[in-house]
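Written out below as structure tokens is the structure these notes cover.
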Amino acid sequence: MELFDQINDFLSDKCEMKLLSTTDGKAFVSYLTDIFEKLGNLNKQLQGANMTLIDAKAKIFGFITALELWKKKFSKRNFSELYWLSKCEITNDAGIVIIDHLNILIKDFNDRFCDLKAMNFPSWLTQPLLINVSDATIQYQEELSELQHDESVKTLFKLKGTKMWLYDEVERKYPKISTSARELLIPFPSSYLVECGFSAVDNLLEAKRNWLEITKRGDLRLKLTKLSPQIKNLCCMHQAQGSH
């Protein structure tokens, strides 16, 4: 009880903090706690070197749909979707403020990602095994018809999904359609790779190493690449010295 008394004393001394101790204040703080948790989870889902525009579009606009569903439920006084908010007493005024904020979030997301929403990914990219070959572009029909009967590619697609197009085996067998697919899959949809680059530079240029010319020596490239060095192959390329 002493801790709660101290908190109440602290809040009572701050005019700008008095709202937090009111019924609406508790509801607003609980709502912000829940919504920031949801936004944090969305941000985590958009991270990773293998994230593609297709994945990002599904995650982002799935979240927008969830916001719209929450807004409908909140208008009916159903706050069960947000854990901490559901435990609060919510007045009509607080409910109106929360719904207005959801409307702002929905509009902001739609405006910010309108270019991603406008992107139409060809059906052969996402469902190459199910699409009717005649529905694809003429220049891809021949390769697509062969691909649909390629058992190794079928297995790869079941395991990797659209990331199948990024594999060298697929590019070697079906160069035209694979090149077109990579143009849509390779661009990274978030700042994750940029953040990785900054973190790598920070780690390389630690104390006593700040004079390293990482862009010229190749240190940064080695730090960021996903390729594994072929040590055995490199050793085989060099003849053993007889004197050693």
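The values are calculated or read from the model by the stated rules, or taken from the named source; none is laboratory data. In this text the structure is predicted, and so the values were computed from the model without any measurement. Cβ: placed from backbone, ideal geometry, glycine included. Neighbour counts: every protein chain shown. Areas reflect the complete protein model, heavy atoms only, side chains present, ligands, DNA and RNA absent. Shrake-Rupley method; radii C 1.70, N 1.55, O 1.52, S 1.80 Å.
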| Which of the peptides 169-175, 110-116 is most tightly packed, and how do the rest follow, going by the mean number of other Cβ atoms within 10 Å of each residue? | 169-175, 110-116
| Where trypsin sites (Lys or Arg not before Pro) fall in DSSP loop in the stretch 47-95, at most 14 other Cβ within 10 Å | 76, 77
| request: May I ask which of 59/232; 71/163; 107/158; 107/160; 18/59; 117/158 have a Cα-Cα span longer than 32 Å here? | output: 59/232; 71/163; 107/158; 107/160; 18/59
| note | From highest to lowest solvent-accessible area (probe 1.4 Å; ligands, DNA and RNA excluded), 60, 54 read 54, 60
| Cut-off 15 Å between beta-carbons: net charge of the residues surrounding residue 115, Lys and Arg +1, Asp and Glu -1 | +1
| request: Excluding residue 79 itself, calculate the net charge of residues whose Cβ lies under 11 Å from the Cβ of residue 79, where each Lys or Arg counts +1 and each Asp or Glu counts -1. | output: +1
| Per the Kirkwood treatment, what hydrodynamic radius in Å, one decimal, follows for the stretch 3-118 from the mean inverse distance over all distinct Cα pairs? | 16.0 Å
